[in-house]
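The values are calculated or read from the model by the stated rules, or taken from the named source; none is laboratory data. Note that the structure is a prediction, hence the values are computed from the model and not measured. Note that each Cβ is placed from the backbone with ideal geometry, even for glycine, and that neighbours are counted across all protein chains shown. SASA here: full protein model, heavy atoms, side chains in, ligands and nucleic acids out. Shrake-Rupley method; radii C 1.70, N 1.55, O 1.52, S 1.80 Å.
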Amino acid sequence: MTTTAEHYEHHLGPIYVWMAGGADAALQSGSAEIDALNLPVTQGDVILDLGAGFGMHAVPLARRGARVTAIDSSVELLRTLAELRGDLPIQAVNDDLLAFQNHITEAPSAILCMGDTITHLPEFGAVEILIERVSAELPPGGMFIISFRDYSEPLIGEQRFISVRSDENRILTCFLEYEPEAVLVHDIIHERAPGGWQTRVSHYRKLRLSPQHLITSLQSNGFNVRREAGVRGMVRLVAQNITQ
Ligand SMILES: C[S@@+](CC[C@H](N)C(=O)[O-])C[C@H]1O[C@@H](n2cnc3c(N)ncnc32)[C@H](O)[C@@H]1O
């Protein structure tokens, strides 16, 4: 079984920006999502982006005046983030997102875990630990934003084959294989090569988190939670720390 980190490093990382439609389009889409969130970003606010990838949300947040700590386990994606951030105040950190507390020097006003990153955690217990740690670090009023795919209801038959992106040189198709608590995500890449098409396949595991499970856990850790429709069919939870 490939680990998530290996899958990103060797398989998805090198084509991730292409998969997201190119850097400009992805940053525009991230910016629109930040606008839709209506996060009150004040100049100099500290915001953490957990599983930040190449900075789809970190870059727009920094453009709005936030100082962003972008944590990701993929060196490849953080390298792209470093290219895209220019002079923006974004600190790129290569670490496991569960270790985010090691990288806090000032209280954050918000913590983000966007784009289906939370389902990459290895088990439900890790999700609970993340929520407890975020609750401990956010001051009263602080925001925790999560967006993720709801895999709790299995797709069946041909629905499990998802065409992600294609152009004249590359085709990315995803195949979902369901286990009781997780879904195996097989990313099938066809690439045009001098002698014809080449195919590479790799898979990793994502958790089948139900929105209600997460909402209940957030509420029991002192959050007021709003559920919204996220981008590309994801669920977005906007949670505010209401402990005093
Ligand atoms: C689906 S991508 C989403 C990236 C970004 N948040 C976005 O919306 O474009 C998931 C990201 O989480 C990272 N990731 C997965 N598990 C992680 C972990 N345990 N710690 C840190 N990063 C992780 C991956 O390297 C990848 O960049």
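Within this structure, Leu48 passes the test of being closer than 21 Å to Val225 by Cα and open to solvent by less than 10 Å² (accessible area, probe 1.4 Å).
Does region 199-210 include one or more residues that are farther than 25 Å from Met19 by Cβ and surrounded by 12 or more Cβ atoms within 10 Å (Cβ to Cβ)?
Checked region 199-210: at least one residue is farther than 25 Å from Met19 by Cβ and surrounded by 12 or more Cβ atoms within 10 Å (Cβ to Cβ).
Under the condition of being assigned to a strand (DSSP E or B) and of a type in the set (D, E, K, R), the residues counted in region 173-199 number 4. For region 43-77, filtering for residues that are polar (S, T, N, Q) and over 14 Å from Pro108 (Cα atoms) leaves 2. Is it the case that region 144-151 has a residue that's within 11 Å of the ligand (Cβ to nearest atom), open to solvent by 30 Å² or more (accessible area, probe 1.4 Å) and under 17 Å from the mean Cα position of the chain (by Cα)? Yes, because at least one residue in region 144-151 is within 11 Å of the ligand (Cβ to nearest atom), open to solvent by 30 Å² or more (accessible area, probe 1.4 Å) and under 17 Å from the mean Cα position of the chain (by Cα). For region 17-39, the set of residues classified as touching a Ser or Thr at 6+ places or on another chain (Cβ under 8 Å) and surrounded by fewer than 18 Cβ atoms within 10 Å (Cβ to Cβ) consists of Gly21, Ala23, listed by residue number. Among residues of region 152-172 being in contact with a helix residue (DSSP H, G or I) (Cβ under 9 Å, 6 or more places away or on another chain) and part of a strand (DSSP E or B), the one that is surrounded by the most Cβ atoms within 10 Å (Cβ to Cβ) is Leu172.
In region 174-195, the residue that is nearest to Gly13 (Cα to Cα) out of those that are small (Gly, Ala, Ser) and open to solvent by less than 80 Å² (accessible area, probe 1.4 Å) is Ala193. The lone criterion from (1) under 16 Å from the mean Cα position of the chain (by Cα); (2) surrounded by 14 or more Cβ atoms within 10 Å (Cβ to Cβ) left unmet by Arg232 is number (2). Residues in region 51-74 that are hydrophobic (A, V, I, L, M, F, W, C) and open to solvent by less than 20 Å² (accessible area, probe 1.4 Å): Ala52, Phe54, Ala58, Val59, Leu61, Ala62, Ala66, Val68, Ala70, Ile71.
Within region 126-137, not a single residue is aliphatic (A, V, I, L, M), buried (at least 23 other Cβ atoms within 10 Å of the Cβ) and within 13 Å of the ligand (Cβ to nearest atom).
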